[in-house]
Amino acid sequence: MAITTSKLEAKSRTSSGKGPARRTRMEGLVPGVVYGKGLEKPFSIALDGKALRAAINTPKKLNTVLGLVVDGKEHTVMLKDYQMEPMTKELLHADFIAVKENEQVKVKIPLVLVGKAIGVLEGGILSQMRRELEVWALPGAIPLNIEVDVSPLKIATALHINDIKLPTGITVKAHTNFTIAVVTAPEIEKVAEPVAAAPGAVPAAGAAGAAGAAPAAGAPAAAGAAGDKKAEPAKAPAKK
């Protein structure tokens, strides 16, 4: 399958390290490196950051195959990694891997859930546990995404990597059978029921306060009950 690429211009750099990389950034360019099979050795480049963003601004994003032209010579590459300034989002460095049309490359593909799970129709909740899958694919056959049919999922069942059908030419080399999606039963909210008081039980303190119940006959008056009456001042002792 022929590889469709986005073109990207760059120029070679003869030196590497923090000092030359800093000078490259001062020139308004992004320092980078190209490595991979088929190359005699890795080589350093400098390229325009805006041009790089535009080249990978495709539906495949980082999985876009690029035709990197360096000093008139074209290399088929993919953007493998990059560094970005956290505050300004300015590109600081870019790593490219050289790829060949007939050799698989390791990439991460988004997983898209399709269909209506049986468990969801029964009231369950569908949760996607994994958003992407690391696979090996030929550069010209890298899919935009991998669709996963969740229709057979019932409540309390899960879908794993080994359960899905991969597109032709896609290989998974993971040893762990990761969970992709699961349907769980909905949580039932419990409402507390009021407890009836037993016959003859003493009401809780303050329970009859709002009712204004009169005190029992012969019971001493509560503190402050006679507060309306002014207390007589104590008599001063008689002078001898």
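Considering only region 159-173, I want to know if a residue exists there that is assigned to a strand (DSSP E or B) and surrounded by 14 or more Cβ atoms within 10 Å (Cβ to Cβ). So far as region 159-173 goes, yes, one or more of its residues are assigned to a strand (DSSP E or B) and surrounded by 14 or more Cβ atoms within 10 Å (Cβ to Cβ).
Take the conditions open to solvent by less than 60 Å² (accessible area, probe 1.4 Å) and assigned to a strand (DSSP E or B) and apply them to S15. Does it pass? No, not satisfied. For region 71-99, taking the residues that are crowded, with 20+ Cβ neighbours inside 10 Å and out of contact with any Gly (no Cβ under 8 Å at 6 or more places or on another chain), the one that is farthest from R23 (Cα to Cα) is identified as M78. Here is a check on your reading of the model: is E27 more than 31 Å from the chain's Cα centre (by Cα), over 20 Å from N145 (Cα atoms) and among the charged types (D, E, K, R)? Yes, satisfied. A count restricted to region 28-43 and to residues that are part of a loop (DSSP other than H, G, I, E, B) and either under 18 Å from E101 (Cα atoms) or modelled with pLDDT under 90 (or both) stands at 5.
Of the residues T58, T24, the single one that is part of a loop (DSSP other than H, G, I, E, B) and either crowded, with 18+ Cβ neighbours inside 10 Å or on the phi < 0 side of the Ramachandran plot (or both) is T58. The conditions of being open to solvent by 60 Å² or more (accessible area, probe 1.4 Å) and either within 30 Å of V120 (Cβ to Cβ) or at pLDDT 60 or above (or both) are met by V191. The set of residues in region 119-141 that are in contact with a strand residue (DSSP E or B) (Cβ under 8 Å, 6 or more places away or on another chain) and either among the charged types (D, E, K, R) or part of a helix (DSSP H, G or I) (or both) comprises G119, V120, R130, R131, E132, E134, P139, G140.
The values are calculated or read from the model by the stated rules, or taken from the named source; none is laboratory data. Not measured: the values here are computed from a predicted model. Cβ sites come from the backbone with ideal geometry, for glycine too, and all protein chains shown count toward neighbours. What goes into the accessible areas is simple: the full protein's heavy atoms, side chains included, and nothing from ligands, DNA or RNA. Shrake-Rupley method; radii C 1.70, N 1.55, O 1.52, S 1.80 Å.
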